Each structure stands twice: as structure tokens, then as C-alpha cells.
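The structure appears right after this line, and notes come after that.
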Amino acid sequence: MQTIMKYALVTGASGGIGKEFAIKLAAEGWAIILVGRNEARLEAVRSGLSGANASASVVVPCDLSRPGAAGRLYRACAERGLSVDLLVNNAGSGVFGDSLSQSPEAVEAMVNLNVSALTNLCALFGRDMKARGSGRVLNVGSFAGLTATPYFASYAATKSYVLDYTLALRAELAGSGLVVACLLPGYVRTDFDDNAGIESEAYKRFSRSNSLSAEQVADIGLAALERGKAWTIAGARNKLAAFLFGLLPRTAPPAIMKLFLDRLV
């Protein structure tokens, strides 16, 4: 009887946290479906994977910021007979700056990626996992999603959605054999700041000095998923900040953060 290969699908796998997820999961014995926009970078990650089933890993190029992309990705996996037992919704983007001056096209692409694609991937692959009675989903949110964040208003709102959606989905699926969890990183040493359009060197220095490595964040996320935690904040400083902000009225943290960010940008 032929053994069906089990795959972990990682979005945003061409670099940063997604690349680290792929490396670590492959080392644990998973075959990886690497998803992202840059096929050459995905292939480079695939070629560097090691583990018992790393050679079965595949690259599926897909721009998840485009409408309908989640469905196209799901169909591409189905057509290749790829059974996904672990979904890591890591792909995400941010748009930084005065909310009224941001490009509508950039904001729409961000919402498509951070909200629509993540939601639809959970539904499409989640149905299959639920039918089999087993599976795991890790959605990558953000510390920014815990409070309204000036100059990252739309981005923070999308990440608030990710946490709320994850917790609701987890409750719906309780007892189904499908485990859903959310990882909330803070600053991470990736290309996020540059990709978000942040030009302030003062901000970037602050970001770097308070950041975790992508490898650390991936470790925290996978450990929390293994323990079955509903959600986890990456980093002691971020946990402390979240606790302190939680003691304040909801209007206070955004006002405090604006005063702080105005000094950096």
C-alpha cells in the first residue's frame, strides 16, 4: 500500500520567518510546499532543505495579494496530489505612513494578502483536514494587532483580524482534531521595514535594536503550536508591553505610540 506523503505548506517561504519555518519543519521530517512570489528564491530555499522527506518538497509560485489567489493555490496543490496536513499562513505585508495619503492599490493588496488569502486558505485546506480528523494551522499575526497603531493603522487592523479570526476558528473546530493557533511577533530582523516603505533611519535603528531573529520567531511559533497554545506573543519585551497596554483605556496606547513614533519618523 502506497504511503501518502504529508506536506506542510508555508506561505511567504522565500525569506524571513517563512524560510525559517520551512527549514525547521523539513528538519522535523515534513515535506514542504514553498509558496511565494519569487520562484527563484523559493527554489534556492528548497535546495537548501534537509530532512527525511525534504527531497519531496515542491515550489508553488503564487502572488497571494491578488484576488482569487487562495483558490488557485488550493487547486494547484490538489492537481499535484499534495495532501496538506500543516498550514503556516506566514505571508504578510505592511504599508507605513499617514493613512490618508497611502496608495489605495497598496492597501488593497495588503488586505488581500493579510486577510482574504489567509482566511480562504484556512477554509480551503481546513475543510480537508477536518474531513481527515487531523491537521494544524498556524496563522502569523503581529504584536501590532493587539492595539490600534498610528501610521500602521491598516496593517495593525489586518493583524487584529488575524488574531480574532484564529481564535473564533479554533473555537469552532474544538474537538475536530484540527488545531488552530496564532503567532504574534513584534520587531523581527527581516526586510519588512524596507518593504513597508519606512525610510526613517531612526525608526530602523530602533526596530533592529528591539528585534528578534526570524529563526527565534519561527522556533517560538512551532513550539507554541506543538503545545496546542491558542496564541503566543514572541519575545519577553513584547509580552510585557502587551500587559502594560492592556491596563490602559483603549484610546491611550495609540496616543502614546503616536507621540513615540513622531519622534522617530
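Quick notes on this one:
- In the chain, Rg over Rh equals 0.96, where Rg is the alpha-carbon radius of gyration and Rh the Kirkwood radius from pairwise Cα distances.
- With R₀ fixed at 45 Å, the C-beta to C-beta distance from Ala27 to Ile256 puts the FRET efficiency at about 0.65.
- When the trypsin sites (Lys or Arg not before Pro) in segment 61-117 are filtered for DSSP coil states and for at most 16 other beta-carbon atoms within 10 Å of their beta-carbon, the remaining sites are Arg80.
- Rg(Cα) / (2.2 N^0.38 Å) computed for segment 1-65, rounded to two decimals: 1.03
- Centre separation in Å (Cα based) which lies between segment 1-45 and segment 207-265: 26 Å
- Modelled FRET efficiency - R0 22 Å, Phe206 with Leu247, Cβ distances, 0.05 increments: 0.40
- Amide hydrogen proximity for Trp231: with H placed 1.01 Å from N in the peptide plane, the residues at 5 or more positions away or on another chain lying under 5 Å are Cys182.
- The chain, helix-only ellipticity at 222 nm - DSSP H runs n ≥ 4, -39,500 (n - 2.57), divided by all residues, nearest 500: -14500 deg cm²/dmol
- Distance between the modelled labels on Ser101 and Ser213, one decimal in nanometres: 3.7 nm (7 Å Cα→Cβ projection).
- Protection proxy ranking of 162-168, 65-71 - average other beta-carbon atoms within 10 Å, highest first: 162-168, 65-71
- Debye intensity ratio in log₁₀ form over the Cα atoms of segment 46-135, taken at each q of 0.25 Å⁻¹: -1.28
- Model label points for Ala52 and Ser134, set 7 angstrom from Cα along the Cα-to-Cβ axis, are 1.3 nm apart.
- Exposed GluC sites (Glu not before Pro) absent: longest stretch of the chain, with sites in DSSP loops and at most 16 other Cβ within 10 Å deemed exposed: 29-198
- Separation of the Arg127 and Ser176 label points, Cα + 7 Å toward Cβ, nm: 1.2 nm
Read-outs: derived from the displayed coordinates by stated rules, not from any lab. Just so we're clear, the structure is a prediction, and the values are computed from it rather than from any experiment. Virtual Cβ from ideal backbone geometry, glycine too; neighbours counted across all protein chains shown.
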